[in-house]
1. From the list Leu57, Leu111, pick out the single residue that is of a type in the set (A, V, I, L, M) and either modelled with pLDDT under 95 or within 19 Å of Asp154 (Cβ to Cβ) (or both).
2. Find all pairs meeting these conditions: Cβ atoms under 6 angstrom apart; at least six residues apart or on different chains; first residue within region 76-89 and under 18 Å from Leu47 (Cβ atoms); second residue among the charged types (D, E, K, R) and in a loop (DSSP other than H, G, I, E, B).
3. Within region 135-154, restricting attention to residues that are of a type in the set (A, V, I, L, M, F, W, C) and without any contact (Cβ under 8 Å) to a residue 24 or more places away in the chain, which residue is surrounded by the most Cβ atoms within 10 Å (Cβ to Cβ)?
4. Would you mention how many residues in region 1-40 are among the aromatic types (Phe, Trp, Tyr) and either modelled with pLDDT under 80 or in a helix (DSSP H, G or I) (or both)?
5. Given the condition within 21 Å of Ser33 (Cα to Cα), surrounded by fewer than 16 Cβ atoms within 10 Å (Cβ to Cβ), touching a residue at least 12 places away in the same chain (Cβ under 8 Å) and aromatic (Phe, Trp, Tyr), answer yes or no: does some residue in region 112-131 qualify?
6. So, in region 102-133, of the ones that are assigned to a strand (DSSP E or B) and closer than 19 Å to Ser30 by Cβ, which residue ends up farthest from the chain's Cα centre (by Cα)?
7. Is it the case that Glu95 is within 20 Å of Asp154 (Cα to Cα) and acidic (Asp, Glu)?
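The values are calculated or read from the model by the stated rules, or taken from the named source; none is laboratory data. These figures come from a predicted structure and were not determined experimentally. A quick note on method: Cβ atoms are made from the backbone with ideal geometry, for glycine too, and the neighbour counts reach across all protein chains shown.
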Amino acid sequence: MDWEQVCADPSLKDLPYKIELNEWSQIVMSPASIRHVILQDYISSLLKSLLNKGRVLQEFPVATSENIKAPDVVWISDELLAQVRDETASPTAPELCIEVMSPGNTKKQQLHKKELYLEAGAKEVWICSEEGNVEFYDQSGILEKSKITPGFPDWIKPN
């Protein structure tokens, strides 16, 4: 199955899961806990308050070397969004891709996705633990703080 078929399949439209395609074009669904959704929303809101250009979006489909992945939160510049707006999945990763850990994820899986996003063009990838600890990465490795949004905290406690 390819991504356009997944998007067009009416039986997949209202599932309460994040859908991605693995390297064998198999559908992978990840259920999200309430805590996951709260962290995702909090990160989005905080990013919107810190960045006055570009867009903060959720579940943004990115074509990677292992098929389609959908970071929980992204920040994409207006310029890149204009280039990919009409695509079913972006051939280039947004500048910032963020994954929020869920009980069904492992750190190893998230670190692998980090590499896929960086390879696809992301400038930074963040991984947020279920406890709200945020790790910032770029091509050089782990960062002390984000270069895109230096004011973003390394620990968040959403209400």
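1. Of Leu57, Leu111, the one residue that is of a type in the set (A, V, I, L, M) and either modelled with pLDDT under 95 or within 19 Å of Asp154 (Cβ to Cβ) (or both) is Leu111.
2. The qualifying pairs are Ser77/Glu95.
3. For region 135-154, the residue satisfying everything is Phe136.
4. 2
5. no
6. Of everything passing the filter in region 102-133, Cys128 is farthest from the chain's Cα centre (by Cα).
7. yes
Listed here are the residues, each with its yes/no results for (1) closer than 24 Å to Glu144 by Cβ; (2) in contact with a helix residue (DSSP H, G or I) (Cβ under 8 Å, 6 or more places away or on another chain).
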position: Ser33; (1), (2): no, no
position: Leu80; (1), (2): no, no
position: Thr88; (1), (2): no, yes
position: Ile98; (1), (2): yes, yes
position: Lys107; (1), (2): yes, no
position: Gly121; (1), (2): yes, no
position: Ile127; (1), (2): yes, yes
